[in-house]
1. Whole-Hz ³J(HN,Hα) for each residue in region 72-84, computed from phi via Karplus 6.51 cos²θ - 1.76 cosθ + 1.60 with θ = phi - 60°, x for glycine and proline: what do you get?
2. So for the chain, averaging the separation of alpha carbon pairs under 8 Å that are six or more residues apart and normalising by length, what relative contact order in percent results?
3. For Asp294, what residues show an amide H to amide H distance below 5 Å, using hydrogens built from the backbone and excluding near sequence neighbours?
4. Treat each spin label as a single point 7 Å out from the Cα along the C-beta direction, and report the Ser74 to Asp217 distance in nm.
5. Considering amide H positions built from the backbone, and no H for Pro or chain starts, which residues 5 or more places from Ser129, or on another chain, come under 5 Å of its amide H?
6. With charges only on Cβ, +1 for K and R and -1 for D and E, what is the dipole size of the chain about its Cα centre, in debye, rounded to 20?
7. Just want the ordering: Ser129, Ser242, from fewest to most Cβ atoms lying within 10 Å of their own Cβ.
8. Filter the trypsin sites (Lys or Arg not before Pro) in region 160-266 to those in DSSP coil with at most 16 other Cβ atoms within 10 Å of their Cβ, and list the result.
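Throughout, read-outs are computed from the coordinates displayed, never taken from laboratory work. Computed from a predicted model, the values in this text were never measured in an experiment. Positions of Cβ are backbone-derived with ideal geometry, glycine not excepted, and every protein chain shown enters the neighbour counts.
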Amino acid sequence: LVNGHIESTYTAKTGEWSSPKFIANPYLRVHGLAPGLNYGQQVYEGLKAYRTPAGAIQIFRPHFHATRMQHSASIVSIPPVPIKLFLEAVNSAVAQNAEWVPPHSTGAALYIRPVVFGSSGHFALTPPSEYTFCVYVQPFGTYHGIAPLPALVLEEFDRAAPKGTGHAKIGGNYAPVMKWSGQALKEGYPITLHLDSKTGTQIDEFSTSGFLGVRIDREEGKPDQVVLLVPKSENIIKSVTSDSVMEIGKKLGYRVEHRSVMYTELASLSEVMAVGTAAALVPIRSIERKSTGDRFVYTEEKTAGPVCQKLYAELTSIQRGEAEDSFGWCREIEQVTAA
């Protein structure tokens, strides 16, 4: 569908990454014994580029994603992609496919998928001699939409073990969930929620997104205080959307609690959202846990709650260039000449 992708190669012999080059097709030539294919030595990211009202193109928080990819790479023994290279490759991928960035009026975006993996033929379970870093792009609409969705606590499968790799964005953390999320969808639950694997008493994250809870603290004679609850755990990735929403919430006067969130706290929440790059903010209608018979209902309406609507509007207006980016999050792309 698009014009092509960006590639850069690392060789252990030189200890350096090659200059990124544009490839006018979506295909890779990879050895069949590459550790990325055989052992899951792979890391990926996901970010978006938006068309502003003035027609410019900007990318949301690319430096955050570059840093997170370096962290994930360190977990699976992949040489870190330098921040400068990451930003250059992402910029080039978008610039070379600029006509595929949807018009501002559509509300859609260009999804950007950086991926890095062990790519040379290597049979042993040791680091290979070559790695490939690629950046792909694809036009992208709304992931789930803004209508509230029912969620199911996934109890038959633990996504991340204590002291495991849950804090890294590697493919092996996600592929095993497909079976269970597909089964849940057939039962009427488009989103599944993970509790901590050790005790099953703390909220970790949704299968495709971070968890965000809203509590309203009330005290006589004082205005209601909106409190945002964001789980803090070594078993989940550092979410760019959660981080952004926490900063926006502070600016709006909300209190932010970034800490362990207990399962029992679900009963005290007025709103729950699934937050992520693909989905932005998706309101959760209810959360059900079959083993206990628990069902926490947050709304019966067909629209998001007031806090979700406010946060969504603030976040997307920054991403789409409709509001001042006082946080300095967005990076306007620089046009490049074809390679």
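1. 4, 4, 5, 6, 10, 6, 9, x, x, 6, x, 3, 4
2. Working: 734 pairs, mean separation 67.2, N = 339.
Averaging sequence separation for qualifying contacts and normalising by length gives 20 percent for the chain.
3. Arg289
4. 3.4
5. Ser120
6. Numbers: 32 positive and 33 negative charges, 94 e Å.
For the chain, the charge dipole is close to 440 debye.
7. Values: Ser129 13, Ser242 24.
The fewest-first ordering by Cβ neighbours comes to Ser129, Ser242.
8. Filter output for region 160-266: Lys163, Lys198, Arg218, Lys232, Lys238.
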